[in-house]
Amino acid sequence: MVEIASIVLAVSALYYLWFVGNARRGLRLLLAQSRTTAQPQATVIVPARNEQENLSRCLDALLAQTYPAEKVQIIISDDGSEDRTAEIVRSYALKNPRIQLVQLGMEKNYRPTKKRGRKPEAIACAIEHAAAEIVLTTDADCETSPTWVAEMVSYFTPEVGFVSGPVAELPRPEFFARLRALEFFGLVLTSAGRIGIQSPINASGANLAFRRSLYQATGGFDFNAIKSDEETLMHKVFIRQLGKIAFASAPGAKVFTRPSRSVRSFWHQRLRWGEMQGRYERTSLLWELSGIYFAFLLWAATVCLSLWMPRAAIPAALFFGMKMVIDYWTLRLGARMLDERFRILDFLIAELLHMPYILIVTAAAQILPSNWKGRKVLKWQILSF
């Protein structure tokens, strides 16, 4: 029994090495990406719902961009806010005519319903008001680096149609916040590495840019689909070979997001993310990610087996050690590239928790409802965030 478990776990270890090794190779390839010095017009779209506490910081950061001000249009798309979000935008727009407010409920073609009034529709509505070919998106609870627009636009060489950018959590001293930021950083690096080898998996809507013409060529967002958002747009562009996918690896392209305020909000956020993973247009991606999940599941089963058969602890420990080494090397490479820092002790503790965490959250995400901005997300609903 132990011998069989050892062989199966060894195969799983090789698969994990292949998966993470590809991401690591992709990170190195990103360093050789071509860039342009052109400064075209750009439209920044910020979907917002009940963001009165964060919106001013977001707008201040956008107004402080080093990119020529006359070339940047800023559109805030209000997704049915029930607070002072729209009022704050109007006050900024009075002083800065570059800022424009779009309200989903006031637009003829975008009347929120039980299946609508969500982030993709807020972005789609704003795109109809976009004046530029290059469209950038971020979230209202994020703060952009001063060079964000300039860095993101610089990756739009003629063959590039979609650019994903780095997102980092604003640093906080609490232990749980550091672990959470490290886990999030790992997700960003995996996404970046896969884009580097031109086999994208995901992208964060907090830092994206795309050509408006490609958005229109794909038919835009399908509001009747199970999943339709900026990440889906990336996959459409890739599958239809409408343009190259790039990742902005320059630290100046970074967007900072505010971490979840509580364990509960963190839990619901990860439930939303985990549930969306099963909705890829490319079936091969689902199989790849399922392979990682089953590798972790086999490791957990071997750990349980070691309670009755102590010899099983050896292959379980070897698998964990292998994972820890390749994860550390990849995080170190990404940290140098994106100018990030992490503590060794935090990494070791995060490694101990990582596989059980992935197993629990992924399973729970397929069956449990989550909450977003006061809206309950049920698995049977046609919703996407």
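What the table shows:
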| item | result |
| --- | --- |
| Selection of trypsin sites (Lys or Arg not before Pro), segment 282-338, meeting DSSP coil and at most 16 other Cβ within 10 Å | ARG282 |
| Reported label for calculated mean projected area of the Cα convex hull in nm² given (1) 18.7; (2) 22.1; (3) 27.7 | (1) |
| Over 24 Å between alpha carbons, listed pairs LYS95/LYS254; LYS119/LYS254; LYS119/LYS236; LYS119/LYS323 | LYS95/LYS254; LYS119/LYS323 |
| Segment 33-264, dipole about Cα centre (Lys/Arg Cβ +1, Asp/Glu Cβ -1), debye to the nearest 20 | 340 |
| Sum of -39500 (n - 2.57) over DSSP H runs of 4+, divided by residues of the chain (222 nm, nearest 500) | -16000 deg cm²/dmol |
| Within a Gaussian network of the chain (alpha carbon springs, distance under 10 Å), most fluctuating of GLU169, GLU82, GLU133 | GLU82 |
| Kyte-Doolittle mean at least 1.0, axial Cα span of 27 Å or more - DSSP H helices of the chain | 2-30, 283-305, 344-365 |
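Just so you know, all these numbers are worked out from the coordinates, no wet-lab data involved. It should be emphasised that the depicted structure is a prediction, and the values quoted were computed from it without experimental measurement. All Cβ positions, even for glycine, are placed from backbone atoms using ideal geometry, and neighbour counts span all protein chains on display.
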